[in-house]
1. Restricting to segment 321-342, what's the tally of residues that are assigned to a loop (DSSP other than H, G, I, E, B), among the small types (Gly, Ala, Ser) and in contact with a strand residue (DSSP E or B) (Cβ under 7 Å, 6 or more places away or on another chain)?
2. State all residues of segment 560-569 that are surrounded by fewer than 23 Cβ atoms within 10 Å (Cβ to Cβ) and closer than 17 Å to Gln539 by Cβ; if no residue qualifies, say none.
3. Pick from segment 731-761 the residues that are crowded, with 19+ Cβ neighbours inside 10 Å and part of a loop (DSSP other than H, G, I, E, B): which of them is farthest from the chain's Cα centre (by Cα)?
4. Going by the conditions given, is Leu138 touching a residue at least 60 places away in the same chain (Cβ under 8 Å), in contact with a strand residue (DSSP E or B) (Cβ under 6 Å, 6 or more places away or on another chain) and either among the polar types (S, T, N, Q) or in the same structural domain as Asp317 (by TED's automatic domain parsing) (or both)?
5. Would you kindly identify the strands (runs of 3 or more DSSP E) lying entirely within segment 225-275 that contain at least 2 residues that are among the hydroxyl-bearing types (Ser, Thr, Tyr)?
6. May I ask you to list pairs of residues, at least six apart or on different chains, whose Cβ atoms are under 8 Å apart, with the first in segment 768-795 being not assigned by TED's automatic domain parsing to the domain that holds Arg700 and the second being at pLDDT below 95?
7. Could you say which residue among Val306, Val298 is part of a helix (DSSP H, G or I), surrounded by 19 or more Cβ atoms within 10 Å (Cβ to Cβ) and either without any contact (Cβ under 8 Å) to a residue 60 or more places away in the chain or of a type in the set (Val, Ile, Thr) (or both)?
8. Out of all the residues in segment 224-264, which are farther than 17 Å from Pro512 by Cα, touching a helix residue (DSSP H, G or I) at 6+ places or on another chain (Cβ under 8 Å) and surrounded by fewer than 23 Cβ atoms within 10 Å (Cβ to Cβ)?
Amino acid sequence: MLDGAGKIRPGWAELVAGYGVRGGTWLGEAAHRLAGAVLDEGIVYNEYDGDTTVTRDWVVDPAPLMVDGAEWARLEKAIAQRSTLLDLLLRDIYHDRKLISRGLVPPEMIFGHPGYLRKAAHLDVAAPHALFLHALDLGRGADGRHLVYADRTQAPSGIGYALADRRILSHTFAQLFQECAPRPISTFVQTLRLALLDYAPPGVEDPVVAVLSPGSMSETAFDQAYLASTLGVPLVEGADLTVRDGAVYMRSLGKFRRVDVLLRRVDAEFVDPLDLRTDSQLGVAGLVEAISRGNVTVVNTLGSGVLENPALHTVLDAVARALLDEPLMLESVPTFWAGTPDGLAAITAGAESMVLTNVRTGEEIVGAFTTSEQLAELLARIRTQTWQWVGRSMMQYSSAPTMLSGATGPVSSAGPGRAPVSLRAFSLARGQSYAVMPGALGSVLVDGAAGQAMTTVAAKDVWLTSAGSGGHVSRKSQSRTEPAEVVDVSPTRPRSARVSAGDYPGAVVASPRVLSDLFWVGRYLERVDGTTRLAKVCQSRHEDVQRRPWVGLPKVAPVLLQATGWMTGTAEYLGTRALLEAEPGAECEDFLTAIAKLTADRQVPGTIAYSRMRLVGAIRAVRDQMTTSTWMVLAPAERAIARLAKLLTAEVDPSTPQIELGPELAQVHDDILFAVLALSGLQAESMVQDPGWFLLDLGRRAERAITLADLTAALFVDVHEADLEQPLLESFLVANESSVTYRRRNRGLIRLGAVLELMLFDESNPRSMVYQLTTMMRDLTALPDTIRSAGAERIVEDLTAGLRRADPVDLTAADAESRRAELGELMTTLRDGVREMSDLLARTRFAQPRALRPLWAGGGSGG
């Protein structure tokens, strides 16, 4: 932000002035809103912790990184040159190998790197460029020059995060954003969309483009889904695709639709278990064959990961002079390859101030974090494996203002208001050159040695000022120049296809995996709803007893909790039997704690928090299918559950006021129900009613039918005393959102027969059993013929007929053992029937392709 004289650089002037006018209080409030926006948008990344994957919330620095437009123009030219150079190098590696023959590129740098794929040597790239998308991790040195720390050419990530960061920052600081008027980055996505179309195989007039993802648990799953949604193309996984007759097809509602272009986010060695890694579960068998026939284009091309070898940084300048007849404009951080005597000597002398990378194994060691003994052992390894090791000098990167220190602890020892930063810039093959995104994904680096190794703690939105006097132009001038900023200026092949929502109807992206996930979104959504309502009723009945202990009310709450625990499989965990047998009033604290555990424990299947976690997981798996408002309504429920979980685990401090569990529990239940109702409204009003919608609704109806059957059986198969059965009937109606309807239609005491009439047989009651079954039949028959399930329809039809034949009078009759046997038998039949329908769909319509094995795999113990 400041130049050498301590004055504000012109590119930062508008932002600094805007901060000064608004003041610290306003900035703090805006930062709080930004953190909430991250949760509302569901921006996350997955972090690997051993064998488990932990989902973390994305962190965005409220202070953007301003980049002067004139400075960026020079950097942009250098990025395009480096991308062009790597493209030419990639073609030479897999074809002529002239650079290796001339000795400019040592063969160990190529053939010893795991990114080199021998299969790729036989794959011709018909497009103008072999390197489609290129990302560079950049740092700005003390002398003002930008240096490349790493090239990302395998499957570059971050464009989706950059788009999301810009979206939430521009909304949070709307007026300030308009005053600063940074150049839009959406134009780059438009160019990416057109470029993907142009990379379709020759002769394809209406190309189908898809993003190939490793799955919802990959580290950058959000980035992949967000980018696919912005591009308007389906997000697919390996199980969604198949190769037939040498072409790639997408499974869709029992049919197959050909795919012409795949934007690859799966590492190349995993994309085909037939020709590459045989243990891969992420790829498509036969994909390499389809590429070799020219029937599909995969970008980035297979084998492009070899360019990520940092050892190549030591020869790029010589390669640039050989291929481009000009010096390299954008240099790397000082890099040394141990495969040369000079490089080995430099690494040996300065290893403690370098990041040491084994390009063969992927090990990366920060020399500053090693002991003298460890460093000696490491140097001994390097001397015996010289060609495998690269050392990169640890640079002190420039700092920029940050607003993170107050929220996340000190980021930089240099001061609470600044931290070292880096950029991830993106370039895209377009025409005969490369188009560079007008902006980048910025990062806040950790202070010290870890930051010098590009360890990040948060993202930064990069605001690029328009080139002009001092790097800044007014908003009025900016609006006139924006059309010229569209980077799609090169001629393109005429095509009739457009990548838009209309070109990708639901049938295209409705693979068995997607349909299964949507079905389970419905089931988990209803499971959260039903369990929360039961927990809320349990607490309400418990409080009735606590408010009037002298009345001697029956133990309704423990019976309800016992039924809830039996239905959800949490009875033993909650200790419901002990609560049921406790003396009246003695179980007060334990009872509320049990309900809180039922609500907030994420580790126990059947709890509200666990079901919500599975709901979110299912939604993330089909994120590109859901409206952006989905995360906005889910976030409050997560915050409420986290608040309750913290209250349960916090140590009691006698010196501070204690939060009462009861009111907090009630508020958490309200927040969860608010989210569920809002999500249900989005489903009804915002989702296109395609096959995925009908299966989501089918999942909800199935879960509601199962819950209703289980709850009816748990409460009313055994006959209770009249003073207990009356409040149980009332609680049953409240939990099923039908108490008002019952009172409006009936007078006097609540009778079991009338309740069953309303909850089982009333076709106008959206909560009744017959309503669920008829709606399930509607959903099943609305599916396309290719995925309609006659077996599932027959099951639902039989269940409906059996329910209609039942007599409410017989259902209320008790036998000599005080059991309503017919009611229990009917509820068991309904519950098991709906589960059978669900299992049938899972075996047939949602079934994933069977795991592939190499043809030479053993056949068993007999050999």
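The values are calculated or read from the model by the stated rules, or taken from the named source; none is laboratory data. All of these numbers come straight from a predicted model, not from anything done at the bench. Here the Cβ positions follow ideal geometry from the backbone for every residue, glycine too, while neighbour counts run over all protein chains shown.
1. Number of matching residues: 1.
2. To start, the set of residues in segment 560-569 that are surrounded by fewer than 23 Cβ atoms within 10 Å (Cβ to Cβ) comprises 562, 566-567, 569.
Residues satisfying the conditions are Gln562, Met567.
3. Filtering first and then ranking leaves Ser738.
4. Numbers: touching a residue at least 60 places away in the same chain (Cβ under 8 Å): yes; in contact with a strand residue (DSSP E or B) (Cβ under 6 Å, 6 or more places away or on another chain): yes; either among the polar types (S, T, N, Q) or in the same structural domain as Asp317 (by TED's automatic domain parsing) (or both): yes.
Taking the combined requirement at face value, the residue satisfies it.
5. Working: elements: 241-244, 247-252, 255-258, 261-264.
Output list reads 247-252.
6. none
7. Details: Val298 fails: part of a helix (DSSP H, G or I).
Only one candidate passes the filter, namely Val306.
8. Result: Ser229, Thr230, Gly232, Gly246, Ala247.
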